[in-house]
Amino acid sequence: MKNTTGQILSMAYEKLRAKKINSALLDAELLLSFVLKKPRAHILAHLEIKPTEKQIEKFNALIKQRVKNMPVAYLTKEKYFYGRKFFVDERVLVPRPETEIIIDELKANNYDL
């Protein structure tokens, strides 16, 4: 029997939460969105969808890596920063939201970026 997206998300959330990952639910949603190639909102609105076995295997492999504290951005190879999508991997630091605030402050104070 195939699992629904709701069941898969719930199991992944529990695995991540057990490892004290603060963003467990968000991370599970982002990774499932990545695997299914659907927006998070679509997935959350359709928790009854049954992914293929291949999709479930890929998702479970990503969750195993996330449990080992691999950042979601490294797993998906992308990170949005200041409204733009960037390619990221282990060779770069993952852009943080706080850096966007610094850029806004610099722009507000007329620093030339």
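The values are calculated or read from the model by the stated rules, or taken from the named source; none is laboratory data. Small disclaimer: the values here were computed from a predicted structure and weren't measured. Counting neighbours? That spans all protein chains shown, and the Cβs are built from the backbone with ideal geometry, glycine included.
Residues checked against (1) touching a strand residue (DSSP E or B) at 6+ places or on another chain (Cβ under 6 Å); (2) surrounded by 11 or more Cβ atoms within 10 Å (Cβ to Cβ):
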position	(1), (2)
Lys58	no, yes
Ala61	no, yes
Val67	no, yes
Met70	no, yes
Pro95	yes, yes
Ile103	no, yes
Lys107	no, yes
Asp112	no, no
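Among the residues of region 55-84, just one is touching a residue at least 40 places away in the same chain (Cβ under 8 Å) and not in a helix (DSSP H, G or I), namely Asn69. Among Leu62, Leu93, which is the only one that is under 23 Å from Ala18 (Cα atoms) and either out of contact with any Pro (no Cβ under 9 Å at 6 or more places or on another chain) or not assigned by TED's automatic domain parsing to the domain that holds Arg17 (or both)? None of the other options fit; the residue is Leu62. Restricting to region 79-93, and then to whatever is surrounded by 15 or more Cβ atoms within 10 Å (Cβ to Cβ) and of a type outside the set (Phe, Trp, Tyr), can you tell me which residue is nearest to Ser10 (Cα to Cα)? Only one residue tops the list, namely Lys79.
Residue-by-condition table, conditions (1) in contact with a helix residue (DSSP H, G or I) (Cβ under 8 Å, 6 or more places away or on another chain); (2) within 30 Å of Glu100 (Cβ to Cβ):
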{"site": "Thr5", "(1), (2)": "yes, no"}
{"site": "Ala12", "(1), (2)": "yes, yes"}
{"site": "Glu29", "(1), (2)": "yes, yes"}
{"site": "Phe34", "(1), (2)": "yes, yes"}
{"site": "Ala45", "(1), (2)": "no, yes"}
{"site": "Ile49", "(1), (2)": "yes, no"}
{"site": "Gln55", "(1), (2)": "yes, no"}
{"site": "Lys64", "(1), (2)": "no, no"}
{"site": "Lys79", "(1), (2)": "yes, yes"}
